[in-house]
1. What is the average number of partner chain Cβ atoms found within 10 Å of a Cβ in B:74-86?
2. List the residue ranges in chain B for DSSP H helices whose C-alpha atoms run 27 angstrom or more along the long axis and whose Kyte-Doolittle average is 1.6 or above.
3. Compare A:LEU66, A:LEU102, A:LEU33 in a GNM of chain A, Cα atoms joined below 10 Å, and give the one with the largest fluctuation.
4. Add +1 for every Lys or Arg and -1 for every Asp or Glu among the other residues with Cβ under 15 Å from the Cβ of A:LEU107, and state the total.
5. Under 1.5 on a/c is rounded, so check that first for segment B:92-149, then, if it is not, pick prolate when a/b is larger than b/c and oblate when it is not; a ≥ b ≥ c are the square roots of the alpha carbon gyration tensor eigenvalues.
6. Got a sec to turn the phi values of segment B:161-172 into Karplus ³J(HN,Hα) couplings, 6.51 cos²θ - 1.76 cosθ + 1.60 with θ = phi - 60°, whole Hz, x for Gly and Pro?
7. Under 5 Å between amide H atoms, partner at least 5 residues away or on a different chain: which partners does B:ILE141 have, H built in plane at 1.01 Å?
8. Once label points are set 7 Å from the Cα along Cα→Cβ at both A:ASN48 and B:VAL46, what is their separation, rounded to one decimal in nm?
Amino acid sequence: MKAFIASLAVLLAVAAAVTVSAVYADRSAGELLDLIESIPETPDGAVNSIGAVRKKWEGAKGVLALFVSRTESDRTDAAISAVLAAAKAGDRGGYAVALSALRDSVLSLRRGAGSPFASG
Amino acid sequence: MVTVFLRTVFIFFLLIVSMRIMGKRQVGELQISELVVTFMLSELAVLPIADRAVPVSHALVPILTLLSAEVILSFLETKSNKLKKLLGGEPATLIRKGRLDAGELARHRIELEELLAEMRLCGVFDIADAEYAILEENGRISVKPKASKVPAPAEDTGIAAEERGVARALIVDGELNEKTLRASGFGKDAIGDAIAESGTVQKAVFLMTADDAGNYSIYIKEEGGSVSPFSGRLKKGGDK
């Protein structure tokens, strides 16, 4: 009976931890996506907006790294750096591609760590 | 590399605790659900060790979930016969009242040779000597020999049988085990006398066992790796 109660407690704790982590990942990815949507479509004046995305990502990365593979988080790191580099260089073509890759990587993060029932 | 080391240590202890919680059954005695969980645990545990990109949580969450589910399911099986039959199956009678059930053999995909081998392991060397053979839920076969083939118990034959208790290993590879010696109730003098009687010395004793009644066996190491036995009876009393 003791083992049963302990197992039930562990199962509930795991379920709670998974739910909390999924909610956190959903919320963080959602906020990141909102920030990414606010980045201008052209590199002109986009550096500050990208800086805000990077700041948000750096804040969430530590916790998200517990639930997502390093490949995923590295991909987001690289995507942010690529957008920033393209914005600074004024490379319109590269900027559009990098911005799209950043959006995809955050969506992928959300799919990997977030709730399967979440939209987006 | 430090990460791999730490992950390995963590997963190792997690698995040890998991298997300990699951119980002491041997691999051959695992129920279906336990077998499935064991296979899955071994696969899951390797993931974060082999691939550093995979977070430990990707192993931790499924391992804890499987472990809890297994214990909960086992508990529920003890409360519900229907669930137990559904998940673990039922024992199948392969030989009933001396008659072999070929249908049951086929249904459980057991070859005749396999049945005969399992019967031999149970001490029944002729299928004609078996009254019952039952395929248990854990896949083992238990065999009941015919009454005419079972040695009669001493009480039925009127022979006075001595209760000999458990034979304990007193000396292993020349080393006297003080703990089992104390448990046996015999003294070192009695052990020394027995060794002297066998014509050897303690260092040369490969194994010495003695039961509660004092019946001992000494296995003496000889050149070439062979071991020769010597038996006798320990004297009670003396030092303890």
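Please treat every number below as a calculation from the coordinates, not as lab data. Not measured: the values here are computed from a predicted model. Every residue, glycine as well, gets a Cβ built from its backbone with ideal geometry; the counts of neighbours run over all protein chains shown.
1. Working: counts 3, 6, 1, 0, 2, 1, 0, 0, 0, 0, 0, 0, 0.
Across the residues of B:74-86, the mean count of other-chain Cβ atoms within 10 Å is 1.
2. Numbers: long enough: B:2-22 (30 Å, 2.17); B:32-50 (28 Å, 1.80); B:57-79 (33 Å, 1.18).
Taking the DSSP H segments of chain B (at least 27 Å long, mean hydropathy at least 1.6), we get B:2-22, B:32-50.
3. A:LEU66
4. On the way: positive: A:ARG27, A:ARG75, A:ARG103, A:ARG110, A:ARG111; negative: A:ASP26, A:GLU31, A:ASP34, A:GLU37, A:GLU72, A:ASP104.
Neighbour charge sum, excluding A:LEU107 itself: -1.
5. Details: a/c = 1.65, a/b = 1.42, b/c = 1.16.
Note, shape of segment B:92-149 comes out prolate.
6. Taking θ as phi minus 60°, the curve returns 9, 8, 6, 9, x, 9, 7, 9, 7, 8, 10, 10 Hz for segment B:161-172.
7. Under 5 Å from the amide H of B:ILE141: B:GLU136.
8. Label at A:ASN48, label at B:VAL46, 5.4 nm between them.
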